Structures are given as C-alpha cells and as structure tokens.
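S.K.: I have a structure I would like to understand better, so I am pasting it below and will then ask my questions one at a time.
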Amino acid sequence: MNLSREFTQEVNGTSINFQVTYNPQTHFFAVVENHDIHYTLGFNPATKEWTTKDGPQPAISVDELAQLVQKSFGVFV
C-alpha cells in the first residue's frame, strides 16, 4: 500500500509542490513543501479540527491543505 502522495497547488501565482506521507502508527501526515519546508498535519476526531505542528504554518490554509490531502488519498473525514 502506498502511503505517500504528491500534488501541486497554485498560491498567488506560484506553484507549490506538496509531498505527503501518512503514518499509520500516529495517524498523522508528514508534509514537505517544495522539498524544503517540513511539518505535520493531524486531525483531532474529538474536535473535528485539522491542525499543523512541528514546523512553520503551511503556504495555504490548514483547512485547504486538509481538503487536498484527503482528496489525494481518496478518504474524507
């Protein structure tokens, strides 16, 4: 099973490459923007909220990133 996805999103006229890997042990996603910026995306089922940690804020909103990640994996929560 492939637990990694890659997609590009245009932000203010600039293309941003996202590499996302799902960790089945933590249920978080390791995100890398443009092969350089690293952070973790996670979903809290109790609050139904997506958040990032372990790095800078993403180039797009956390909610938009969460939608793109869910779309790329074909699973929505």
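S.K.: Per residue, how much accessible area does the chain have with a 1.4 Å probe, in Å²? If you can, show how the numbers build up before the last one.
M.R.: Details: 5000 Å² over 77 residues.
So the chain comes to 65 Å² accessible per residue, rounded to a whole number.
S.K.: Here's a follow-up. Would you please give the FRET efficiency between His35 and Val75, computed as 1/(1 + (r/R0)^6) with r the Cβ-Cβ distance and R0 = 25 Å, to the nearest 0.05?
M.R.: It comes to 0.50.
S.K.: Leaving out ligands, DNA and RNA, what percent of the accessible area of the chain is carbon and sulfur, probe 1.4 Å?
M.R.: That fraction is 51 percent.
S.K.: Next up: When you count, for each residue, the other Cβ atoms within 10 Å and take the mean per peptide, how do 51-62, 1-12 rank with the highest first? Display every interim value, and only then the final one.
M.R.: Numbers: 51-62: 13.9, 1-12: 10.8.
Output ranking for 51-62, 1-12: 51-62, 1-12.
S.K.: By what distance, in whole Å, do the Cα atoms of the chain stretch along each of the three principal axes, largest value first?
M.R.: Over the chain, Cα extents along the principal axes are 35, 28, 22 Å.
The values are calculated or read from the model by the stated rules, or taken from the named source; none is laboratory data. All of these numbers come straight from a predicted model, not from anything done at the bench. As a convention, Cβ positions derive from the backbone with ideal geometry for all residues, glycine included, and neighbour counts pool all protein chains shown. Surface accessibility is based on the protein's heavy atoms, side chains included, excluding ligands, DNA and RNA. Shrake-Rupley method; radii C 1.70, N 1.55, O 1.52, S 1.80 Å.
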